[in-house]
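To keep things clear, I will list the structure first and then write my remarks on it.
The values are calculated or read from the model by the stated rules, or taken from the named source; none is laboratory data. Predicted model only: the values in this text are computed from it and were never measured. As a convention, Cβ positions derive from the backbone with ideal geometry for all residues, glycine included, and neighbour counts pool all protein chains shown.
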Amino acid sequence: MRWPLDRPVPCAFLFVPGNSLEKLYKSWQLGAGALIFDLEDSVPEFQKLQARKNVILALKTAPDRATPAFVRINDGSSAHWQEDISATIDKNLTGFFLPKCESREQASAAADIIEASEKNAGMAPGSISLVALIESARGLVEIPQIIDAADRLAGLALGGEDFCLNMGISRTAEGQELQYARSHLAIWARAKGCLAIDTIYANFHDRPGLMRESQIAKQLGFTGKLAIHPKQLDVIRDVFAPSKEELAEAKKVVEAFAAAQVKGSIVIAVDGKMIDRPVFERARRLLASAQRR
(Lines give C-alpha, C1' and ligand atoms only; values in the text may rest on other atoms or scores of the structure.)
Protein backbone atom coordinates (compact mmCIF):
# COMPACT_ATOMS: atom_id res chain seq x y z
CA MET A 1 0.00 0.00 0.00
CA ARG A 2 1.05 3.59 -0.44
CA TRP A 3 0.17 6.16 2.20
CA PRO A 4 -3.66 6.31 2.23
CA LEU A 5 -5.08 9.60 0.97
CA ASP A 6 -7.67 9.67 3.77
CA ARG A 7 -5.06 9.33 6.54
CA PRO A 8 -3.35 12.40 8.05
CA VAL A 9 0.23 12.79 6.83
CA PRO A 10 2.63 12.96 9.81
CA CYS A 11 5.35 15.59 9.54
CA ALA A 12 7.35 15.02 12.75
CA PHE A 13 8.53 11.44 13.39
CA LEU A 14 10.02 11.08 16.88
CA PHE A 15 12.49 8.32 17.72
CA VAL A 16 11.88 6.84 21.18
CA PRO A 17 14.50 4.45 22.61
CA GLY A 18 13.00 1.04 23.23
CA ASN A 19 15.16 0.37 26.28
CA SER A 20 13.31 3.04 28.31
CA LEU A 21 9.79 1.95 29.21
CA GLU A 22 9.20 5.31 30.90
CA LYS A 23 10.01 7.22 27.69
CA LEU A 24 7.85 4.87 25.64
CA TYR A 25 4.86 5.50 27.89
CA LYS A 26 5.41 9.27 27.97
CA SER A 27 5.84 9.50 24.20
CA TRP A 28 2.11 9.07 23.56
CA GLN A 29 1.50 12.48 25.12
CA LEU A 30 4.24 14.47 23.35
CA GLY A 31 2.24 15.58 20.32
CA ALA A 32 4.45 13.96 17.68
CA GLY A 33 2.98 13.33 14.25
CA ALA A 34 4.23 9.76 14.56
CA LEU A 35 6.38 7.78 16.97
CA ILE A 36 9.23 5.42 16.07
CA PHE A 37 9.90 2.97 18.87
CA ASP A 38 13.55 2.15 18.32
CA LEU A 39 15.11 -1.29 18.66
CA GLU A 40 18.22 -0.47 16.63
CA ASP A 41 20.84 2.28 17.10
CA SER A 42 19.69 3.67 20.45
CA VAL A 43 19.67 0.24 22.13
CA PRO A 44 22.91 -1.53 23.14
CA GLU A 45 23.19 -5.22 22.29
CA PHE A 46 22.71 -6.45 25.85
CA GLN A 47 19.35 -4.62 26.07
CA LYS A 48 17.89 -5.68 22.72
CA LEU A 49 15.55 -8.34 24.08
CA GLN A 50 14.31 -6.19 26.95
CA ALA A 51 13.73 -3.29 24.57
CA ARG A 52 11.54 -5.51 22.41
CA LYS A 53 9.49 -6.51 25.46
CA ASN A 54 9.12 -2.83 26.39
CA VAL A 55 7.88 -1.94 22.92
CA ILE A 56 5.36 -4.79 22.95
CA LEU A 57 4.01 -3.55 26.28
CA ALA A 58 3.86 0.08 25.10
CA LEU A 59 1.90 -0.93 21.99
CA LYS A 60 -0.54 -3.12 23.87
CA THR A 61 -1.29 -0.35 26.39
CA ALA A 62 -1.59 2.48 23.87
CA PRO A 63 -4.29 5.06 24.67
CA ASP A 64 -7.40 5.42 22.56
CA ARG A 65 -6.87 7.40 19.34
CA ALA A 66 -3.15 7.08 19.87
CA THR A 67 -0.41 8.70 17.79
CA PRO A 68 0.61 6.52 14.80
CA ALA A 69 3.39 4.25 16.04
CA PHE A 70 6.17 2.57 14.08
CA VAL A 71 8.96 0.24 15.20
CA ARG A 72 12.48 0.57 13.84
CA ILE A 73 13.70 -3.00 13.78
CA ASN A 74 17.33 -4.10 13.80
CA ASP A 75 19.00 -4.30 10.40
CA GLY A 76 19.12 -7.43 8.30
CA SER A 77 22.65 -8.37 9.35
CA SER A 78 21.59 -8.81 12.97
CA ALA A 79 20.14 -11.86 14.68
CA HIS A 80 17.12 -9.89 15.85
CA TRP A 81 15.29 -8.39 12.89
CA GLN A 82 12.87 -11.19 12.06
CA GLU A 83 11.76 -11.63 15.65
CA ASP A 84 11.52 -7.84 16.00
CA ILE A 85 8.79 -7.96 13.36
CA SER A 86 6.90 -11.06 14.40
CA ALA A 87 6.91 -10.19 18.11
CA THR A 88 5.76 -6.57 17.83
CA ILE A 89 2.88 -6.97 15.37
CA ASP A 90 -0.10 -5.35 17.09
CA LYS A 91 -3.38 -3.64 16.25
CA ASN A 92 -1.89 -0.38 17.57
CA LEU A 93 1.14 -0.61 15.27
CA THR A 94 1.16 1.50 12.10
CA GLY A 95 4.28 0.06 10.52
CA PHE A 96 7.98 -0.77 10.57
CA PHE A 97 11.07 1.25 9.67
CA LEU A 98 13.52 -1.00 7.84
CA PRO A 99 17.05 0.31 8.53
CA LYS A 100 19.98 0.21 6.12
CA CYS A 101 17.76 -0.95 3.29
CA GLU A 102 19.88 -1.55 0.18
CA SER A 103 17.98 -3.92 -2.06
CA ARG A 104 14.66 -5.14 -3.35
CA GLU A 105 15.40 -8.47 -1.66
CA GLN A 106 15.68 -6.87 1.80
CA ALA A 107 12.40 -4.99 1.44
CA SER A 108 10.65 -8.05 0.02
CA ALA A 109 11.92 -10.32 2.82
CA ALA A 110 10.66 -7.89 5.47
CA ALA A 111 7.30 -7.61 3.71
CA ASP A 112 6.97 -11.42 3.64
CA ILE A 113 7.57 -11.70 7.38
CA ILE A 114 5.10 -8.89 8.06
CA GLU A 115 2.49 -10.70 5.96
CA ALA A 116 2.99 -13.97 7.83
CA SER A 117 2.90 -12.16 11.18
CA GLU A 118 -0.34 -10.38 10.26
CA LYS A 119 -1.89 -13.73 9.41
CA ASN A 120 -0.74 -15.28 12.69
CA ALA A 121 -2.18 -12.33 14.61
CA GLY A 122 -5.52 -12.54 12.81
CA MET A 123 -5.05 -9.15 11.17
CA ALA A 124 -6.19 -8.17 7.68
CA PRO A 125 -3.48 -8.43 5.01
CA GLY A 126 -1.79 -5.07 4.41
CA SER A 127 -2.66 -3.66 7.84
CA ILE A 128 0.98 -2.88 8.62
CA SER A 129 3.01 -0.51 6.46
CA LEU A 130 6.75 -0.41 5.76
CA VAL A 131 9.16 2.52 5.50
CA ALA A 132 12.60 1.95 3.99
CA LEU A 133 15.49 3.82 5.61
CA ILE A 134 18.02 4.72 2.92
CA GLU A 135 21.43 5.01 4.58
CA SER A 136 24.05 4.21 1.93
CA ALA A 137 25.08 4.91 -1.64
CA ARG A 138 23.84 1.50 -2.71
CA GLY A 139 20.51 2.07 -1.02
CA LEU A 140 20.12 5.37 -2.83
CA VAL A 141 20.72 3.94 -6.31
CA GLU A 142 18.50 0.95 -5.57
CA ILE A 143 15.48 3.09 -4.60
CA PRO A 144 13.55 2.28 -7.82
CA GLN A 145 13.78 -1.44 -7.03
CA ILE A 146 13.20 -1.05 -3.29
CA ILE A 147 10.09 1.05 -3.74
CA ASP A 148 8.49 -1.54 -6.03
CA ALA A 149 9.43 -4.51 -3.85
CA ALA A 150 6.27 -4.48 -1.74
CA ASP A 151 2.85 -2.90 -2.03
CA ARG A 152 2.92 -2.13 1.69
CA LEU A 153 5.93 0.18 1.31
CA ALA A 154 4.44 3.53 2.31
CA GLY A 155 7.51 5.72 2.61
CA LEU A 156 11.21 6.38 2.18
CA ALA A 157 13.34 8.00 4.89
CA LEU A 158 16.87 9.35 4.60
CA GLY A 159 19.42 8.33 7.22
CA GLY A 160 21.86 11.17 6.70
CA GLU A 161 24.42 10.28 9.36
CA ASP A 162 24.95 6.72 8.13
CA PHE A 163 24.80 7.87 4.50
CA CYS A 164 27.68 10.29 5.10
CA LEU A 165 29.62 7.57 6.94
CA ASN A 166 29.13 5.23 4.00
CA MET A 167 30.25 7.94 1.55
CA GLY A 168 33.30 8.85 3.63
CA ILE A 169 32.21 12.48 3.91
CA SER A 170 31.50 14.84 6.79
CA ARG A 171 28.01 15.83 7.87
CA THR A 172 27.84 19.62 7.97
CA ALA A 173 25.35 22.13 9.36
CA GLU A 174 24.76 23.51 5.85
CA GLY A 175 23.88 20.06 4.47
CA GLN A 176 25.14 20.54 0.91
CA GLU A 177 26.61 17.04 1.01
CA LEU A 178 23.04 15.65 1.15
CA GLN A 179 21.55 17.80 -1.60
CA TYR A 180 21.57 15.12 -4.29
CA ALA A 181 20.50 12.32 -1.95
CA ARG A 182 17.58 14.38 -0.69
CA SER A 183 16.42 15.33 -4.17
CA HIS A 184 16.73 11.79 -5.51
CA LEU A 185 14.79 10.26 -2.62
CA ALA A 186 12.07 12.92 -2.61
CA ILE A 187 11.47 12.65 -6.36
CA TRP A 188 11.11 8.87 -6.28
CA ALA A 189 8.82 9.01 -3.26
CA ARG A 190 6.61 11.57 -5.00
CA ALA A 191 6.55 9.55 -8.22
CA LYS A 192 5.34 6.47 -6.36
CA GLY A 193 2.91 8.16 -3.96
CA CYS A 194 5.03 7.50 -0.85
CA LEU A 195 5.96 9.59 2.15
CA ALA A 196 9.38 11.27 1.90
CA ILE A 197 10.91 11.69 5.36
CA ASP A 198 14.05 13.75 5.87
CA THR A 199 16.96 12.82 8.11
CA ILE A 200 17.49 13.85 11.73
CA TYR A 201 19.08 17.13 12.79
CA ALA A 202 21.51 16.00 15.48
CA ASN A 203 21.88 19.23 17.48
CA PHE A 204 18.51 19.40 19.25
CA HIS A 205 19.51 22.64 21.02
CA ASP A 206 19.91 24.46 17.69
CA ARG A 207 16.37 25.49 16.81
CA PRO A 208 17.33 27.98 14.05
CA GLY A 209 19.47 25.29 12.40
CA LEU A 210 16.64 22.77 12.58
CA MET A 211 14.22 25.29 11.12
CA ARG A 212 16.58 26.09 8.25
CA GLU A 213 17.15 22.42 7.41
CA SER A 214 13.42 21.64 7.68
CA GLN A 215 12.63 24.45 5.26
CA ILE A 216 15.18 23.09 2.78
CA ALA A 217 13.67 19.62 3.05
CA LYS A 218 10.14 20.93 2.56
CA GLN A 219 11.22 22.91 -0.49
CA LEU A 220 12.74 19.75 -1.99
CA GLY A 221 9.44 17.91 -1.64
CA PHE A 222 9.75 16.06 1.67
CA THR A 223 6.56 15.47 3.61
CA GLY A 224 8.17 15.30 7.05
CA LYS A 225 11.33 14.91 9.11
CA LEU A 226 12.82 12.58 11.70
CA ALA A 227 13.31 13.94 15.22
CA ILE A 228 15.50 12.71 18.07
CA HIS A 229 14.15 14.92 20.87
CA PRO A 230 10.73 16.25 21.86
CA LYS A 231 12.15 19.81 21.69
CA GLN A 232 12.33 19.45 17.91
CA LEU A 233 8.68 18.59 17.34
CA ASP A 234 7.18 22.08 17.32
CA VAL A 235 9.84 23.42 14.93
CA ILE A 236 9.28 20.61 12.43
CA ARG A 237 5.52 20.90 12.75
CA ASP A 238 5.59 24.68 12.24
CA VAL A 239 7.66 24.33 9.07
CA PHE A 240 5.79 21.47 7.42
CA ALA A 241 2.26 22.31 8.50
CA PRO A 242 0.72 25.16 6.49
CA SER A 243 0.47 28.46 8.34
CA LYS A 244 -2.76 30.41 8.78
CA GLU A 245 -1.47 32.90 6.22
CA GLU A 246 -0.76 30.14 3.67
CA LEU A 247 -4.20 28.63 4.19
CA ALA A 248 -5.91 32.00 3.85
CA GLU A 249 -4.07 32.72 0.60
CA ALA A 250 -4.85 29.23 -0.73
CA LYS A 251 -8.54 29.69 0.07
CA LYS A 252 -8.54 33.01 -1.76
CA VAL A 253 -6.90 31.44 -4.82
CA VAL A 254 -9.33 28.52 -4.94
CA GLU A 255 -12.37 30.76 -4.59
CA ALA A 256 -11.13 33.22 -7.22
CA PHE A 257 -10.27 30.44 -9.65
CA ALA A 258 -13.68 28.81 -9.21
CA ALA A 259 -15.41 32.14 -9.83
CA ALA A 260 -13.32 32.74 -12.95
CA GLN A 261 -14.17 29.31 -14.34
CA VAL A 262 -17.86 30.11 -14.07
CA LYS A 263 -17.16 33.08 -16.33
CA GLY A 264 -15.21 30.93 -18.78
CA SER A 265 -11.72 32.11 -17.78
CA ILE A 266 -8.85 29.97 -16.42
CA VAL A 267 -6.19 32.67 -15.96
CA ILE A 268 -6.81 35.29 -13.28
CA ALA A 269 -4.93 37.64 -10.96
CA VAL A 270 -5.09 37.57 -7.16
CA ASP A 271 -3.41 40.36 -5.21
CA GLY A 272 -1.46 41.35 -8.31
CA LYS A 273 -0.18 37.82 -9.01
CA MET A 274 -1.10 35.82 -12.08
CA ILE A 275 -2.91 32.61 -11.13
CA ASP A 276 -3.12 29.71 -13.57
CA ARG A 277 -4.10 26.08 -13.14
CA PRO A 278 -0.86 24.80 -11.49
CA VAL A 279 -1.08 27.57 -8.87
CA PHE A 280 -4.75 26.74 -8.29
CA GLU A 281 -3.95 23.03 -7.98
CA ARG A 282 -1.22 23.68 -5.39
CA ALA A 283 -3.66 25.76 -3.37
CA ARG A 284 -6.36 23.10 -3.60
CA ARG A 285 -3.96 20.36 -2.47
CA LEU A 286 -2.75 22.52 0.43
CA LEU A 287 -6.29 22.95 1.71
CA ALA A 288 -7.03 19.26 1.28
CA SER A 289 -3.86 18.30 3.14
CA ALA A 290 -4.68 20.66 6.01
CA GLN A 291 -8.10 19.04 6.40
CA ARG A 292 -6.46 15.61 6.83
CA ARG A 293 -4.08 16.71 9.57
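Of the residues screened, A149 is not one that is under 14 Å from A186 (Cα atoms), in the same structural domain as V71 (by TED's automatic domain parsing) and crowded, with 17+ Cβ neighbours inside 10 Å.
From the list A116, A110, A132, the one residue that fits, being buried (at least 23 other Cβ atoms within 10 Å of the Cβ) and assigned to a helix (DSSP H, G or I), is A110.
Looking across region 183-218 at every residue that is of a type in the set (S, T, N, Q) and under 14 Å from I134 (Cα atoms), the one that is farthest from the chain's Cα centre (by Cα) is identified as S183. In region 231-246, the residue that is farthest from A173 (Cα to Cα) out of those that are modelled with pLDDT of 95 or more and surrounded by fewer than 18 Cβ atoms within 10 Å (Cβ to Cβ) is D234. Among the residues making up region 32-67, a single one is farther than 14 Å from V16 by Cα and either in contact with a strand residue (DSSP E or B) (Cβ under 8 Å, 6 or more places away or on another chain) or outside the structural domain of L93 (by TED's automatic domain parsing) (or both): A62.
So which residues in region 6-16 are surrounded by 19 or more Cβ atoms within 10 Å (Cβ to Cβ) and in contact (Cβ under 8 Å) with a residue 24 or more places away in the chain? Passing the criteria: P10, C11, A12, F13, L14, F15. So for region 180-199 (the condition being aromatic (F, W, Y), out of contact with any helix residue (DSSP H, G or I) (no Cβ under 6 Å at 6 or more places or on another chain), modelled with pLDDT of 95 or more and farther than 21 Å from A154 by Cβ), does at least one residue qualify? Within region 180-199, one or more residues are aromatic (F, W, Y), out of contact with any helix residue (DSSP H, G or I) (no Cβ under 6 Å at 6 or more places or on another chain), modelled with pLDDT of 95 or more and farther than 21 Å from A154 by Cβ. In this structure, F46 does not satisfy being under 28 Å from E102 (Cα atoms), crowded, with 17+ Cβ neighbours inside 10 Å and of a type outside the set (D, E).
Just one of the numbered conditions (1) exposed (fewer than 15 other Cβ atoms within 10 Å of the Cβ); (2) more than 21 Å from the chain's Cα centre (by Cα) is not true of K91: (2).
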